[in-house]
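Quick notes on the structure that follows.
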């Protein structure tokens, strides 16, 4: 089950049905099965408070992923700051929807077992994001 929620902002997920298909395809291509996935769209302030409370990070971020996956079943909560997505789209001269897809895929890739702690891991994560942006 894939769910989209909004926390403290006015936002409507564009093309929900198509995004659910893309999410399912990414998970299948990674050799996994989809479990319960929840995407929560929120503000910078909301996500900053979560970043501080749960990760002890005192900075803005575009996505925080809580992983509840078991074995090959992908499950979790993915919180996304729509403020950060908009700012990143402007910074990187990308369309808002493209940046939103990138952040959604980024969170999913974490649930599929990818990390971005080292520069090599970040590079692989970016390659995977680009692959799925272009193929899905």
Only one of these is under 21 Å from residue 128 (Cα atoms) and surrounded by 13 or more Cβ atoms within 10 Å (Cβ to Cβ): 92, 39, 11. Name it.
-> 39
Check off (1) touching a helix residue (DSSP H, G or I) at 6+ places or on another chain (Cβ under 7 Å); (2) surrounded by 13 or more Cβ atoms within 10 Å (Cβ to Cβ) for residue 22 and give me the number that stays unchecked.
-> (1)
Spot the failing condition for residue 1; the list is (1) loosely packed, with under 13 Cβ neighbours inside 10 Å; (2) closer than 23 Å to residue 96 by Cα; (3) in contact (Cβ under 8 Å) with a residue 12 or more places away in the chain, and only one is missed.
-> (2)
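Here is a list: 27, 40, 9. Which entry is part of a helix (DSSP H, G or I) and either more than 24 Å from residue 115 (Cβ to Cβ) or in contact (Cβ under 8 Å) with a residue 24 or more places away in the chain (or both)? Explain how you work it out, then say what you get.
On the way: 40 fails: part of a helix (DSSP H, G or I); 9 fails: part of a helix (DSSP H, G or I).
After applying the criteria, what remains is 27.
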Conditions (1) in contact (Cβ under 8 Å) with a residue 24 or more places away in the chain; (2) surrounded by fewer than 17 Cβ atoms within 10 Å (Cβ to Cβ); number of the one not met by residue 16 | (1)
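Would you mind finding the one in 43, 36 that is closer than 16 Å to residue 6 by Cα and modelled with pLDDT of 95 or more? Steps first, answer last, please.
Details: 36 fails: closer than 16 Å to residue 6 by Cα.
Result of the check over 43, 36: 43.
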Any residue at all in region 54-63 that is within 19 Å of residue 6 (Cα to Cα) and either assigned to a strand (DSSP E or B) or over 16 Å from the mean Cα position of the chain (by Cα) (or both)?
-> yes
Over 21 Å from residue 12 (Cβ atoms), over 12 Å from the mean Cα position of the chain (by Cα), at pLDDT 95 or above and exposed (fewer than 13 other Cβ atoms within 10 Å of the Cβ): does that describe residue 120?
-> yes
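The values are calculated or read from the model by the stated rules, or taken from the named source; none is laboratory data. The model shown is predicted, which means the values in this text are computed figures rather than measured ones. Heads up, the Cβs are rebuilt from the backbone with ideal geometry, glycines too, and the neighbour counts pull from every protein chain shown.
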